[in-house]
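Written out below as structure tokens is the structure these notes cover.
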Amino acid sequence: MLDMDPLRTFRAGALLAAVVASTASAQLRVVTSTTDLYDIAQAVGGDKVTASHIGEGYQDPHFIEAKPSFVLQLQRADVWAFVGLDLEIGWMPLLIDGARNPRIAFGGSGYLDVSRAMPVIDIPRGAVDRSLGDVHSLGNPHYWLDPENGRRMARLFLAKFSELDAKNTAAYTANEKAFEDRLGAAEKGWQADLVAIKGKPVVAWHTSWRYFAEYTGMNIVAYMEPKPGVPPSPSHLVTVIRAVKSTGAKVIILEPFYDKKVADFVAKETGATVLVLSPSVGGMPGIVDYLTLMQKDIAQLAAVVR
Ligand SMILES: [Zn+2]
């Protein structure tokens, strides 16, 4: 034999072992745009997937900085799951183009536009000019704040993971069912809070709370933004203050990344309370997963309007 160098033989053996091990434990590599998609993908994927997310829960998902490190994540991804409806239009094309990964490019097996599985609300009638500032020109993309849509997200991941990794379909099916069971149990726990919220007039900063309102029955009487994505103008604030006074709205809801001082001004003029709620997993301390996101947002709102 020509090759009797023991170290070299050892190296070849170790390399072979590493290749075998990586094949045996090959997990689907899932990258999501938001933490909410990440959390549900991880719940359904369990130990059969490795998941990561681009945006953080405390960032405005409309405006994420396209960092080079995100391109590296996408180069290796088997699945790219995103909210869709142009939520990621400002940064996603740059990352997808940069990744040059046909699996997750448009038309690829891992290109997962989650909005395609959702009943979308606020779809504009007729043409909408994005140049006028409306960031929801294809309809409202904030659908994850309704638990029924959380279930739709989980079922979509089940279908996609099973399609790409059929041998683990049983595990994905069991994980998805466990997620729905946990969500159903959690929903029972917040029924009293939903009763307290139903019909109560509220002001929201952005239309991100529309699906949450559909679910909870809260009545959004005004938005701080004159149109989605456009900051409040002084004249618009006059309209909001009038709406708060005429409806008796007791609370102004906003995300941590909006300008609380402006909401404080309206609160001071009207006696309403400003309530900062997390729009996503990881958006505020203690919001560790999708269930705590829904539970805490509902509980905090109920405590103010009750
Ligand atoms: Zn939005």
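What follows draws every value from the coordinates through simple rules; no lab data is involved. Note that the coordinates shown come from a computational prediction; the quantities given were computed from them, not determined experimentally. When we count neighbours, we look across all protein chains shown, and the Cβ atoms used for this are built from the backbone with ideal geometry, even at glycine.
A simple packing score, the average count of other Cβ atoms within 10 Å per residue, orders the peptides 82-90, 205-213, 184-192, 36-44 as 36-44, 205-213, 82-90, 184-192, with the highest score first. Among 227/250; 227/260; 177/200; 198/261; 67/177, which pairs are too far apart, with a Cα-Cα distance over 24 Å? Table pairs above 24 Å Cα-Cα are 177/200; 198/261; 67/177. Annotation for region 100-179: chymotrypsin sites (Phe, Trp or Tyr not before Pro) lying in DSSP loop with at most 16 further Cβ atoms inside 10 Å of their Cβ are 106. The packing ranking of peptides 286-292, 276-282, highest mean first, is 276-282, 286-292, where packing means the average number of other beta carbon atoms within 10 angstrom of each residue.
The alpha-carbon atoms of region 135-206, seen along their principal axes, cover 50, 36, 12 angstrom, with the largest extent given first.
Once the chain from residue 238 to residue 148 is taken as fully extended at 0.36 nm per residue, the excess over their C-alpha distance is 28.8 nm. So what is log10(I(q)/I(0)) for the chain at q = 0.11, 0.15 1/Å, when the Debye sum runs over its Cα atoms only? Debye intensities relative to I(0), on a log10 scale: -0.72, -1.20. Taking amide H as placed 1.01 Å from N in the peptide plane, residue 251 has its amide H under 5 Å from the amide H of 203, 273, each at least 5 places away in sequence or on another chain. For region 191-305, pairs of C-alpha atoms spaced more than 22 angstrom apart make up 27 percent of the total.
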